[in-house]
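The block underneath contains the structure these notes are about, expressed in structure tokens.
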Amino acid sequence: MKSVIPVELPQQSYDIAIASGGLEQLGNWLIGHGSQPLKLGKKILLVSSPPIFKHYGEQAIASLEKAGFTVAQCILPAGERYKTPASLQKIYDVALENRLERSSTILALGGGVIGDMAGFAAATWLRGINFVQVPTTLLAMVDASIGGKTGVNHPQGKNLIGAFHQPKLVLIDPQTLKTLPAREFRAGMAEVIKYGIIWDAELFEKLEQSQRLDQLRYLSDDLLQEILTRSCQAKAHVVSKDEKESGLRAILNYGHTIGHAVESETKYKVVNHGEAVAIGMVAAGQIAVALGMWEQASSDRQLALLEKTGLPTKLPGGLDIEAIAASLLTDKKVKDGRVRFILPTQIGTVTITDEVPADVIRQVLHAMQQT
């Protein structure tokens, strides 16, 4: 099965290719087997993490070299806690050692953390070189690899250091999900459910009809292909309308406002990104209910789907509610000191507002504490 989804942008359009077995054809895709020749230089710096490189590194490099590319590699530790300027420096060091030029390419083979760091390195090395995303986690496939957001974390907040830098290609090979740990698969499903809430009510209903969503093996190939395709179509459409997040694109942050605060306050060691987003979606849903914007029944449906996927729906134990409230003010989306929330009005539709009283936020967070 294969599908190609265009991301139409004023200056640099590109394709999202979903192709089972595509990793074996990686070199051919970079030569230009998509809708347009990519015109890349011969030097490629492949950035990955140890577990991903162990599974897929040799296969990727062999395909690239067969297509005539010269490949260097930079292997970085996996995990959000390593998404730092120090890790970025390692990419720069390898880029310098291998004399990457402006026609060269940095290729991210891995999850969202690797993609974000490799993308920011590509955005800033020689003031910007080519970038290719080959995501190997569900979360990266449906979200992080698409749209050009790149960056690293600051100790005081997630993704505070970053740039928009669009890839030349996103190549998704669903076969790589077979080695994805179950917890990471569930984390990716949080972003899939997010698309159901913000954009695609039909996708949400299809997920509701599935008996189990907590492990890849319970999904048919057809359902997985539909999940990937519909999620990527949703993000591609939103990014095409609003590349730099001046308006519509903000809806993609549903669940992320409180989710990022939870990640930050737990030092990225307790919950992963998808788990934090799930917690944030529950909170956003309950805030919308408290403000009379969303029906409790719809919030209950969201909660039930997240629980069926095996995602957390309560705050981690021991979290200080006031610390979370304070952390919200460091979020990138704060404007004029007001926290901006994405809140659902019905399944498939959300709205953007900064009119959320602080006492409502605290009330919801207290109700989400573990008993």
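How big is segment 132-181 on each of its three principal axes, counting only the C-alpha atoms and giving the largest first in Å?
Taking the Cα atoms of segment 132-181, the three principal extents are 36, 27, 13 Å.
Report the FRET efficiency, 1/(1 + (r/R0)^6), for His154 and Val334, where r is their Cβ-Cβ distance and R0 is 22 Å, rounded to 0.05.
Calculated value: 0.95.
How big is the antiparallel share of DSSP beta bridges in segment 72-207, given as a percent to the nearest 5? Before the final figure, lay out each step's value.
Values: 5 of 13 bridges.
Among the beta bridges of segment 72-207, antiparallel pairing accounts for roughly 40 percent.
In a Debye calculation with equal point scatterers on the alpha-carbon sites of the chain and no solvent, what is log10 I(q)/I(0) at q = 0.13, 0.14 Å⁻¹?
Each listed q maps to, in turn, -1.00, -1.16.
Calculated FRET efficiency, Ala325 and Ile352, Cβ-Cβ r, R0 22 Å, to nearest 0.05? List each step's numbers first, then the result.
On the way: r = 20 Å, r/R0 = 0.90.
It comes out at approximately 0.65.
Rounding to the nearest 10 and keeping the result within 0 to 90°, find how far the Cα-based axis of helix 256-265 lies from the longest principal axis of the chain.
80 degrees
If the cut-off is 18 Å between C-alpha atoms, which aspartates and glutamates fall inside it for Lys269, apart from same-chain ones fewer than 8 positions away?
Glu80, Glu184, Asp320
Can you show me the helix-derived [θ] at 222 nm for the chain, built from DSSP H runs with n ≥ 4 at -39,500 (n - 2.57) apiece and divided by the number of residues, rounded to the nearest 500. Walk me through the numbers before you get to the answer.
On the way: 12 runs with 155 residues, N = 371.
-13000 deg cm²/dmol, from helical runs alone.
Keeping the other protein chains in place, figure out the carbon and sulfur percent of the accessible area of the chain, with a 1.4 Å probe. Don't jump to the answer; show the numbers that get you there.
Numbers: 7390 of 15270 Å².
Result for the chain: 48 percent of the exposed heavy-atom area is carbon or sulfur.
Lys66: which aspartates and glutamates have alpha carbons under 13 Å from its alpha carbon, excluding same-chain residues fewer than 8 sequence positions away?
In chain and number order, the partners are Glu24, Glu58.
Once you order the gyration tensor axes a ≥ b ≥ c over the Cα atoms, which shape class does segment 195-273 get: rounded for a/c under 1.5, otherwise prolate or oblate by comparing a/b with b/c?
Values: a/c = 2.34, a/b = 1.17, b/c = 2.01.
It is oblate, given that a/c is not under 1.5 and a/b is not larger than b/c.
What ranking do 352-361, 119-128, 236-245 get when scored by the average of other Cβ atoms within 10 Å per residue, highest first? Present the calculation step by step, with values, prior to reporting the outcome.
Working: 352-361: 13.9, 119-128: 19.8, 236-245: 17.0.
Most protected by this proxy first, the peptides run 119-128, 236-245, 352-361.
What fraction, in whole percent, of alpha-carbon pairs in segment 219-371 exceed 24 Å separation? Present the calculation step by step, with values, prior to reporting the outcome.
On the way: 3840 of 11628 pairs.
That tail contains 33 percent of the Cα-Cα pairs.
Once the piece of chain linking Glu295 and Asn28 is laid out straight, how much longer is it, given 0.36 nm per residue of separation minus the C-alpha distance between them? Spell out each step's value before the answer.
Working: separation 267, 0.36 × 267 = 96.12 nm, distance 4.96 nm.
Extra length from Glu295 to Asn28 when fully extended: 91.2 nm.
Tell me, what HN-Hα J-couplings in whole Hz come from the Karplus equation 6.51 cos²θ - 1.76 cosθ + 1.60 at θ = phi - 60° for each residue of segment 56-72, using x for Gly and Pro?
Karplus-based 3J(HN,Hα) across segment 56-72 equals 10, x, 5, 5, 5, 5, 4, 5, 5, 5, 4, 7, x, 8, 9, 10, 10 Hz.
Against the longest alpha carbon principal axis of the chain, how many degrees, from 0 to 90 and to the nearest 10, is the axis of helix 273-290 turned?
Between the helix axis and the principal axis of the chain, the angle is about 30 degrees.
Tabulate in residue order the Karplus-calculated ³J(HN,Hα) for segment 139-151, using 6.51 cos²θ - 1.76 cosθ + 1.60 with θ = phi - 60°, rounded to whole Hz; enter x for Gly and Pro.
4, 5, 4, 8, 9, 5, 7, 10, x, x, 6, 10, x
If you plug each phi of segment 100-111 into the Karplus form 6.51 cos²θ - 1.76 cosθ + 1.60 with θ = phi - 60°, what whole-Hz ³J(HN,Hα) values come out, in order, with x for Gly and Pro?
With coefficients 6.51, -1.76 and 1.60, one gets 4, 10, 5, 8, 6, 10, 9, 10, 9, 10, x, x Hz.
Sort Val192, Val350 by heavy-atom solvent-accessible area, probe 1.4 angstrom, most to least.
From most accessible down to least: Val350, Val192.
Restricting to segment 1-144, what percent of DSSP beta bridges are antiparallel, rounded to 5?
Working: 6 of 23 bridges.
Of the beta bridges lying entirely in segment 1-144, close to 25 percent run antiparallel.
Using per-residue counts of other Cβ atoms within 10 Å, averaged over each peptide, order 66-76, 195-205 from highest down. Numbers along the way, then the final one.
On the way: 66-76: 17.6, 195-205: 20.9.
Taking the mean over residues of other Cβ atoms within 10 Å, the ranking is 195-205, 66-76.
Starting from the Cα of Asp93, move 7 Å in the Cα-to-Cβ direction to define the label point; list residues of segment 125-157 whose amide nitrogen is under 19 Å from there.
Of the residues in segment 125-157, 125-126, 152-153 have backbone N under 19 Å from the label point off Asp93.
May I ask for the angle, rounded to the nearest 10°, between helix 85-97 and the longest principal axis of the chain, with both axes built from Cα atoms and the value confined to 0 to 90°?
That helix lies at roughly 10 degrees to the long axis.
Considering only DSSP states other than H, G, I, E and B, which trypsin sites (Lys or Arg not before Pro) in segment 313-371 qualify as loop sites with at most 15 other Cβ atoms within 10 Å? Present the calculation step by step, with values, prior to reporting the outcome.
Numbers: sites: Lys314, Lys332, Lys333, Lys335, Arg338, Arg340, Arg362; in loops: Lys314, Lys332, Lys333, Arg340.
The qualifying sites are Lys314.
With N set to the number of residues, divide the alpha-carbon radius of gyration of segment 1-153 by 2.2 N^0.38 Å and report two decimals.
Numbers: Rg = 14.1 Å, N = 153, 2.2 N^0.38 = 14.9 Å.
Relative to the rule-of-thumb radius for its length, segment 1-153 sits at 0.95.
What whole-number value in Å² describes the accessible area per residue of segment 21-84 for a 1.4 Å probe? List each step's numbers first, then the result.
On the way: 3150 Å² over 64 residues.
Counting only protein heavy atoms, the per-residue value for segment 21-84 is 49 Å².
Contour minus end-to-end for Ala86 and Glu202, with contour as 0.36 nm per residue of separation and end-to-end as the Cα-Cα distance?
Numbers: separation 116, 0.36 × 116 = 41.76 nm, distance 4.28 nm.
Stretched fully, the Ala86-Glu202 segment lengthens by 37.5 nm.
Can you figure out the FRET efficiency of Lys178 with Ala62, using R₀ = 22 Å and their beta-carbon distance, to the nearest 0.05? Provide the component values of the computation, followed by the final result.
Numbers: r = 19 Å, r/R0 = 0.87.
The value I calculate is 0.70.
Which lysines, on any chain, are close to Lys206 with Cα under 30 Å apart, when same-chain ones fewer than 8 places away are left out?
Filter leaves Lys2, Lys149, Lys178, Lys194, Lys235, Lys241, Lys308, Lys314.
Report, to two decimal places, the Cα Rg of segment 63-202 normalised by 2.2 N^0.38 Å (N = number of residues). Let's see the in-between values first.
Values: Rg = 15.3 Å, N = 140, 2.2 N^0.38 = 14.4 Å.
That works out to 1.06 for segment 63-202.
The values are calculated or read from the model by the stated rules, or taken from the named source; none is laboratory data. A quick note: this is a predicted structure, and the numbers were derived from the prediction, not measured. Methodologically, a virtual Cβ is constructed for each residue, glycine included, from the backbone with ideal geometry; neighbour enumeration extends over all protein chains shown. What goes into the accessible areas is simple: the full protein's heavy atoms, side chains included, and nothing from ligands, DNA or RNA. Shrake-Rupley method; radii C 1.70, N 1.55, O 1.52, S 1.80 Å.
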